[in-house]
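Colleague: Structure provided below as structure tokens; questions to follow.
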Amino acid sequence: MAERHSNGHVFREQVIETVEVPVRHLLAVDGNPPTSVQLKEENDRHQELLKNASRRHAIWKQQDNDDKMMAELLRIIPEAFIFEDLGKEGQFRKNSVSSKS
């Protein structure tokens with residue numbers, strides 16, 4: 001399950017991992033079931049993905065770019081911030097984070 005926020009709405013979607021690309025299936029909009037119009041748009045989008053290899057490739061390329069960007073962000077976090085262990089408070093460990101600038 002995934003939640004996506006767009007244009008002031010919250011979309012809850014099921015993400016189905018396929019061999020080529022992840023496919024999103026709309027489950028709810030703002031906590032409500034999709035309307036018949038939204039379901040038709042969803043079906044049309046799925047049919048387009050089935051027929052259009054270049055669209056699937058574009059989605060794959062975007063996913064690959066997103067994965068690379070996330071890996072780079074995770075790599076530079078220790079370089080950009082100082083993490084300091086402040087000990088335990090009850091069952092939780094306290095940490096302090098500050099930038100290295």
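Colleague: For segment 51-63, enumerate the residues that are surrounded by 11 or more Cβ atoms within 10 Å (Cβ to Cβ) and of a type outside the set (Lys, Arg).
Modeller: ASN52, HIS57, ALA58, ILE59, TRP60, GLN62, GLN63
Colleague: Let me ask another. Out of all the residues in segment 24-50, which are open to solvent by 50 Å² or more (accessible area, probe 1.4 Å), within 19 Å of ALA2 (Cβ to Cβ) and in a loop (DSSP other than H, G, I, E, B)?
Modeller: ASP30, GLY31, PRO33, listed by residue number.
Colleague: Still on this structure, please answer the following. Please work out which residue is nearest to LYS61 (Cα to Cα), limiting yourself to segment 4-40 and to residues that are of a type in the set (D, E, K, R) and at pLDDT below 95.
Modeller: Within segment 4-40, the match that is nearest to LYS61 (Cα to Cα) is GLU20.
Colleague: The conditions are (1) surrounded by 12 or more Cβ atoms within 10 Å (Cβ to Cβ); (2) free of Cβ contacts under 8 Å to residues at least 24 places away in the same chain, and VAL21 fails exactly one of them. Which is it?
Modeller: So VAL21 meets the others, but not (2).
Colleague: Further, regarding this structure: Determine whether segment 4-13 contains at least one residue that is of a type in the set (A, V, I, L, M, F, W, C) and open to solvent by 90 Å² or more (accessible area, probe 1.4 Å).
Modeller: no
The values are calculated or read from the model by the stated rules, or taken from the named source; none is laboratory data. None of these values were measured; they are calculated from a predicted model. As a convention, Cβ positions derive from the backbone with ideal geometry for all residues, glycine included, and neighbour counts pool all protein chains shown. For the accessible areas, the whole protein counts, side chains as well, though only heavy atoms, and no ligand, DNA or RNA atoms are used. Shrake-Rupley method; radii C 1.70, N 1.55, O 1.52, S 1.80 Å.
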